[in-house]
Amino acid sequence: MDAQTFQPIAPRPAPGKTEGLLPWMRSNLFGNWPTSLGTVVLGALLLWLVPQMLSWTLLRAVWVPQVEACRMDGVGACWGVVAEKYRLIIFGRYPFDEQWRPLVATVLMVSILMASCARAFWKPWLALLWLAVLGAFFTIMFGGVLGLSRIETDRWGGLPLTILLASLSIAMAFPVALLVALGRRSSMPAIRSVCTVYVELIRGVPLISVLFMASFMFPLFMPQGFTIDVLIRVLVGITLFAAAYMAEVIRGGLQAIPKGQVEAAATLGLSYWQTQRKIVLPQALAMVVPGIMNGFISTFKDTSLVTIVSLYELTGSMGLALNSDAEWRPFKIEGYLFIASLYFLFCFSMSRYSHWVEKQVNKSKLR
Amino acid sequence: MSQPIVTFDKVNKWYGNDFHVLRDIDLSVAKGERIVICGPSGSGKSTLIRCINRLEEHQQGRLIVDGVELSDDVKAIDQVRKEVGMVFQQFNLFPHLTVLENLTLSPMWVGKTPKKEAEEKAMEQLQRVRIAEQASKYPLQLSGGQQQRVAIARALCLKPKIMLFDEPTSALDPEMIKEVLDVIIELANQGITMICVTHEMGFAKAVADRVIFMDQGQIVEQNNPNDFFNNPQNERSRDFLSKILGH
C-alpha cells in the first residue's frame, strides 16, 4: 500500500449569516415552497381565528356578575359566572361560612407539595412535616375539635378535594408501584404471579369500574355496622389503579439496566435491597422520569372521575354550581374554561418540574 | 505445599438441561499463585471463574474458597464475596456515581466504614492505579482504559485475598491495553492470588505461575507458561496456540 501523505483540506467560504430575524424567517418559514405554503396557510388561519378569540374572551367579555349583562346580544364570554360562583366551584358543597377552612387546608397542602419539589427540603424531617400537614389538613377540614364544627367528608369538594385525592394517591401509588415492579422481576414465583395478576387485573378494567367497586360493592362484603369512609375507599381505588400503570413504567426502566450492574454489586457484597436502592433503581427511575410524570399527570386529571360516586371535586363541583342555578346554567362554557385553566396550571407545573428532574438525574451522562 | 485457597473437586455445571459447560473440573490454587486461563470462546473459562464468587452456581462437586464451601447458604456466599474481588470485561462501573462514589459504595454500605475513612482509602487505591485526579468525574467521562483501572481500584477497596479478572482487556482499544495490564502486573508482583481469563499471551508469560488451557468445559492442559507456550502437550492446545500466535 502507498504511504499517503497528509493533505490539508482547502479552506471553504464562511457560512452565511444565520442569526437575526430575517435569516431566521428565511430558513424556518420560507425555506422551500412547501414550507412557504404552510406558513401562508397557517398564517391566514391564525389571522382569522385569533382576533375572534381575543374579541370573545377579552374585548366583548362581561366581567360583572350580572345575568342581564351576559344575556345581551353581541356580548362575548360571560366571566361574570366565575365572579358569581367561584366559591361554589372551588369549594363545592362545603358550608359557605366555613370555607376559610378548606382555603387554609389547601394553602398548607400546596405549600408542602411545592416544598417537596425542592432539593433543599429532601431531608428526613420532610416526612414528619408531611404527617403534620396531613394531620392539620384533616383536622381543619373534618373539624369536631378545637371548636370547629364537624363537616363530614361527603360535603368536601372542589379544588381541595382534587388536590387531596391527587397528591395522596400519587404519593401512595409510587411506593406500591416500585414494589410491584420489583416483584414482577422477582425470582420467587409466588411473588411474581401475585404482582402479574394484580397488574393485569387492574389494567383490564376502567377506572370508573374500580371506583364503583370501591364505593358501592366493597361495603357489601364488609360485616354489618363496619364502614370505611367513602373518601378513603376511593383514595385506595385510585391508588391501586395508578400504581398498576406506574409499575409497568418502572419495570420498563428496570429491564434496561444491564445484568453486569447487578453482578458488579453482588461481587462488592451488596445485598438485594442495597443493590436495588443504590444501583438499580436510581438508574432505572432516571430513565423513566417522563413516563412516571405522565402517570402523575393523568392521575391528577383522573380524580375528576370521582364525581360518579358522588364526591364533588373540582369538575364535579363546577357542574353542581351551575346546574343548580337555572339563570347561570347557560354559561357553562366559561365555567369549564375557568376550571380548565386551573387544571392546566397544575399539570403544566408538573410537566416543567419533570423537565427539571430529568436534567438533574442526567448529570452523570454529560461529558 | 500450603493449604490451597481455591479448590475445585469434580465440579460440574450445566446451562439448562443439555449444555454441559463445566465437566469434572479439578483444580487447586495455592495462596499467592497467579493463574492465567485461556482457551477458545465457549470453552467455559468465564463460567469457571464466575463460580468462584457464585455469580454462577455449580450443580455437582465441591468448590471451596478460603476454607468456605460454596452452596445455597447465603452466609457462605457473602463471606466468600468479601474475600474475592472481580474485574469484568465490560468494566461494570456504576454510571450514576462518580469514580470516588463507585469506590466508597461497598466499604460504606457493606463494611460500615465512615465516609471520610472510606474516601481516604479509596484515594489510596486510585493512586495505586494512577487515576486519582479523575476521582470526581463520572465513569462515562473516562476512556475505556481509565474505566477499567477504576474498576480494578474498586475491587481492591475490599482488600480481597483473591482477584478474578474476566477478560479485562478484551473490550479495550489496543492503545489502552498496556495501561491496564501494567496495573495488573504491578498487583501480581504484590503477592495477591490472581486468576485471570485472558488472551494476552505476553501478559501470561510475564506474570503467570501456571497457564490453564480449557476446551469444551474441560481443563485440557496446565503447565508453567514457558513449557505451555513452547511445548504444548495436547493437540487441542497446539491447535489453539497456532491460531492465536499464527500471525
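Derivation of every value follows stated rules applied to the coordinates shown; laboratory data play no part. All values derive from a computational prediction rather than experimental measurement. So basically every Cβ, Gly included, is an ideal-geometry build from the backbone, and we count neighbours across all protein chains shown.
Key figures for this structure:
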| read-out | value |
| --- | --- |
| Filtered residues of segment A:114-131 (kept if among the hydrophobic types (A, V, I, L, M, F, W, C) and assigned to a helix (DSSP H, G or I)) | A:MET114, A:ALA115, A:CYS117, A:ALA120, A:PHE121, A:TRP125, A:LEU126, A:ALA127, A:LEU128, A:LEU129, A:TRP130, A:LEU131 |
| Filter result (assigned to a helix (DSSP H, G or I) and of a type in the set (S, T, N, Q)) within segment A:49-71 | A:GLN52, A:SER55, A:THR57 |
| Segment B:221-247 residues that are closer than 19 Å to B:LYS45 by Cα, paired with ones that are in a helix (DSSP H, G or I) and of a type in the set (Ser, Thr, Tyr) (beta carbon under 6 Å, 6 or more apart) | B:GLU221/B:SER237 |
| Residue in segment A:5-23 that is touching a Pro at 6+ places or on another chain (Cβ under 6 Å), more than 25 Å from A:SER317 (Cβ to Cβ), in a loop (DSSP other than H, G, I, E, B) and basic (Lys, Arg) present | yes |
| Helices (runs of 4 or more DSSP H) within segment B:97-174 that include 1 or more residues within 11 Å of chain A (Cβ to nearest Cβ) | B:99-109, B:144-156 |
| Qualifying positions in segment B:75-96 - within 11 Å of chain A (Cβ to nearest Cβ), out of contact with any helix residue (DSSP H, G or I) (no Cβ under 7 Å at 6 or more places or on another chain) and either in contact (Cβ under 8 Å) with a residue 60 or more places away in the chain or of a type in the set (D, E, K, R) (or both) | B:ASP78, B:LYS82, B:GLU83, B:GLN89 |
| Within segment B:57-69, tally of residues that are touching a strand residue (DSSP E or B) at 6+ places or on another chain (Cβ under 7 Å) and surrounded by fewer than 20 Cβ atoms within 10 Å (Cβ to Cβ) | 6 |
| Flag for A:PHE30 being among the aromatic types (Phe, Trp, Tyr) and surrounded by 10 or more Cβ atoms within 10 Å (Cβ to Cβ) | yes |
| Residues (in contact (Cβ under 8 Å) with a residue 40 or more places away in the chain and more than 23 Å from A:ILE232 (Cα to Cα)) located in segment A:104-145 | A:CYS117, A:ARG119 |
| Single unsatisfied condition, A:SER111 versus (1) closer than 24 Å to A:PHE241 by Cα; (2) out of contact with any Asp or Glu (no Cβ under 7 Å at 6 or more places or on another chain); (3) of a type outside the set (Phe, Trp, Tyr) | (1) |
| Whichever residue in segment A:324-349 is farther than 20 Å from A:GLY158 by Cα and surrounded by 12 or more Cβ atoms within 10 Å (Cβ to Cβ) and, among such residues, is farthest from the other protein chains (Cβ to nearest Cβ) | A:GLU327 |
| From the options A:ALA166, A:ALA171, A:ALA190, residue that is buried (at least 20 other Cβ atoms within 10 Å of the Cβ) and either within 27 Å of A:TRP130 (Cβ to Cβ) or over 22 Å from the mean Cα position of the chain (by Cα) (or both) | A:ALA166 |
| Unmet criterion (only one of (1) surrounded by fewer than 19 Cβ atoms within 10 Å (Cβ to Cβ); (2) within 14 Å of another protein chain (Cβ to nearest Cβ); (3) not charged (D, E, K, R)) for B:PHE19 | (2) |
| Unique match (being part of a helix (DSSP H, G or I) and either at the interface with chain B (Cβ under 10 Å from one of its Cβ atoms) or touching an Asp or Glu at 6+ places or on another chain (Cβ under 6 Å) (or both)) among A:GLN283, A:GLN276, A:GLN360 | A:GLN283 |
| Spans of strands (runs of 3 or more DSSP E) in segment B:1-67 with at least 2 residues more than 26 Å from B:SER242 (Cβ to Cβ) | B:6-15, B:19-29, B:60-65 |
